[in-house]
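Asks: Quick one: the structure is below, questions incoming.
The values are calculated or read from the model by the stated rules, or taken from the named source; none is laboratory data. All of these numbers come straight from a predicted model, not from anything done at the bench. Neighbour counts are summed over all protein chains in view; Cβ atoms, including those assigned to glycine, are modelled from backbone coordinates with ideal geometry. Heavy atoms of the whole protein, side chains included, go into the accessibility calculation; ligands, DNA and RNA do not. Shrake-Rupley method; radii C 1.70, N 1.55, O 1.52, S 1.80 Å.
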Amino acid sequence: MKVLMVCLGNICRSPLAEGILKHKAHENNLRIEVDSAGTAAYHVGNLPDERSIEVARKYGIDLTNQRARQFRLQDFEEFDVIYAMDSENYNNILKLASSTSDESKVKLILNEIEPNSNSSVPDPYYGGDEGFENVYQMLNLACKEIVLRLKK
């Protein structure tokens, strides 16, 4: 199973989602490849935001081996599931899809814990540290649900 986490710049939400899911997969002896990307190229090559690194570190997860990259068309072929952090990025990914098979891979991550709610993970970039903690908790719940489903 290959999973891609996607947000706008690939420095806040999607690196956290990648790190959390990798951590949970390892804890549960699941073979899941996880990566992350952004729909925009603002931060390509950069480390995740320091606030994402810090909140992940608080929970024993290291994000410092990640570097931002932009979503690319071949991601549709390489990944089984593509989780968007919010509806804007979800729609931007769908615009790039070339088939119904591509489209079927794209999901909103919070629908894992609130089916059909189409809720968005808020972008914490312009907020304070508490925004990153809040995002971590949301993504932790969603990744926990993903792991539970994969274990079945």
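Asks: Restricting region 9-25 to residues that are within 20 Å of Asn46 (Cβ to Cβ) and basic (Lys, Arg), which is surrounded by the most Cβ atoms within 10 Å (Cβ to Cβ)?
Replies: Ranking the qualifying residues of region 9-25, first place goes to Arg13.
Asks: So is Ala68 within 13 Å of the chain's Cα centre (by Cα), over 14 Å from Ile146 (Cβ atoms) and assigned to a strand (DSSP E or B) or not?
Replies: Judged against the criteria, Ala68 is not a match.
Asks: Those residues that are among the hydrophobic types (A, V, I, L, M, F, W, C), surrounded by fewer than 17 Cβ atoms within 10 Å (Cβ to Cβ) and within 17 Å of Val55 (Cα to Cα), I need them from region 132-152; list them, please.
Replies: Listed by number, the list holds a single entry, Leu141.
Asks: Can you tell me which condition Glu88 does not meet? The list is (1) closer than 26 Å to Leu150 by Cβ; (2) out of contact with any His (no Cβ under 8 Å at 6 or more places or on another chain), and all the others hold.
Replies: (1)
Asks: Next question, about the same structure. Give the number of residues within region 74-130 that are assigned to a helix (DSSP H, G or I), open to solvent by 70 Å² or more (accessible area, probe 1.4 Å) and of a type outside the set (Asp, Glu).
Replies: Adding up the residues that qualify gives 5.
Asks: May I ask you to say which residue of Asp62, Asp75, Asp35 is on the phi < 0 side of the Ramachandran plot, in contact with a Phe, Trp or Tyr (Cβ under 8 Å, 6 or more places away or on another chain) and among the charged types (D, E, K, R)?
Replies: Of Asp62, Asp75, Asp35, the one residue that is on the phi < 0 side of the Ramachandran plot, in contact with a Phe, Trp or Tyr (Cβ under 8 Å, 6 or more places away or on another chain) and among the charged types (D, E, K, R) is Asp35.
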